[in-house]
1. Counting only residues that are under 30 Å from residue 99 (Cα atoms), in contact with a helix residue (DSSP H, G or I) (Cβ under 8 Å, 6 or more places away or on another chain) and either open to solvent by 50 Å² or more (accessible area, probe 1.4 Å) or not in a helix (DSSP H, G or I) (or both), how many does segment 117-148 have?
2. Starting from residues that are in a loop (DSSP other than H, G, I, E, B), open to solvent by less than 50 Å² (accessible area, probe 1.4 Å) and in contact with a Ser or Thr (Cβ under 9 Å, 6 or more places away or on another chain), keep the ones in segment 61-104 and report whichever is modelled with the highest pLDDT.
3. Where residues in segment 149-163 are among the hydrophobic types (A, V, I, L, M, F, W, C) and farther than 17 Å from residue 62 by Cβ, which of them is surrounded by the fewest Cβ atoms within 10 Å (Cβ to Cβ)?
4. If we keep just the residues of segment 8-47 that are β-branched (Val, Ile, Thr) and over 17 Å from residue 153 (Cβ atoms), which is surrounded by the fewest Cβ atoms within 10 Å (Cβ to Cβ)?
5. Does residue 93 satisfy the criteria of being touching a residue at least 60 places away in the same chain (Cβ under 8 Å) and of a type in the set (S, T, N, Q)?
6. Does segment 103-125 hold any residues that are out of contact with any Phe, Trp or Tyr (no Cβ under 7 Å at 6 or more places or on another chain) and closer than 16 Å to residue 50 by Cβ, and which are they?
Amino acid sequence: MSSLKAILTGDIVHSRKVSSEIWLSVLTDCLRHYSNKFDIFRGDSFQIELPLEKCIEAIFYIKASIRTIEKLDVRLGLGIGKIEVERQHVKDSSGEAYIFSGEAFDTLDKELIRVRSPFDHWDESTNIMLQLATELANRWTVNMAETVKTAIEHPEASQLELTKLLHRKHQSQIKHRAKES
């Protein structure tokens, strides 16, 4: 019996308002932070296979990374399930994780993030929590998104170390942004 995997299907919201030269490298770098198994297609769409234990963190890391660019955001459908056919490229792989990811993505309306798995009860409660967390994340300024992104990249860093990493003058700027997010 194969273990469960996580597949994220997403696209960049308002991608045409900003040159792809600006956001494509940011997207590629943040996807590589979690896995080398991803594809970017149709210009601003992407799909990534990532470790199950990192899938929720990855959602907010990708969101924070993209929101560091003025005007942009991301829509994400998370699918959790088995992968029946695993190929070198995720676009050539298939299984319930891919189907659930596509279904979660296709049902996005006003929400920007949705999850689908074989566990309906878990999906229901997780989607409620994700909606609340996303509502807060949608209020991030570029500076707040940079702070969240850097904090995820350096989970052991203190506020003083984050201040230095972000080239900010005062620790209070980081403390204030952490409280807002």
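The values are calculated or read from the model by the stated rules, or taken from the named source; none is laboratory data. These numbers come from a predicted model, not from an experiment. Backbone-built Cβ (ideal geometry, glycine too); neighbour counts: all protein chains shown. Surface accessibility is based on the protein's heavy atoms, side chains included, excluding ligands, DNA and RNA. Shrake-Rupley method; radii C 1.70, N 1.55, O 1.52, S 1.80 Å.
1. Residues that pass the stated criteria total 2.
2. Going through segment 61-104, the residues in a loop (DSSP other than H, G, I, E, B) turn out to be 68-72, 82-84, 86-89, 93, 95.
When the remaining residues are screened for being open to solvent by less than 50 Å² (accessible area, probe 1.4 Å), the result is 68-69, 72, 83, 93, 95.
Those left that are additionally in contact with a Ser or Thr (Cβ under 9 Å, 6 or more places away or on another chain): 72, 83, 95.
Working: 72: 97, 83: 93, 95: 94.
Step by step, filter segment 61-104, then rank; the result is 72.
3. First, the residues of segment 149-163 that are among the hydrophobic types (A, V, I, L, M, F, W, C): 151-152, 157, 160, 162.
From what's left, farther than 17 Å from residue 62 by Cβ: 157, 160, 162.
Values: 157: 15, 160: 11, 162: 21.
The residue in question is 160.
4. First pass over segment 8-47, keeping only residues β-branched (Val, Ile, Thr): 9, 12-13, 18, 22, 26, 28, 40.
Imposing the further condition that a residue be over 17 Å from residue 153 (Cβ atoms) reduces the set to 9, 12-13, 18, 22, 40.
Values: 9: 23, 12: 24, 13: 15, 18: 14, 22: 11, 40: 19.
Only one residue fits best here, namely 22.
5. Values: touching a residue at least 60 places away in the same chain (Cβ under 8 Å): no; of a type in the set (S, T, N, Q): yes.
Taking the combined requirement at face value, the residue does not satisfy it.
6. Step one: of segment 103-125, the residues out of contact with any Phe, Trp or Tyr (no Cβ under 7 Å at 6 or more places or on another chain) are 103-115, 118-125.
The answer is 104, 105, 113, 115.
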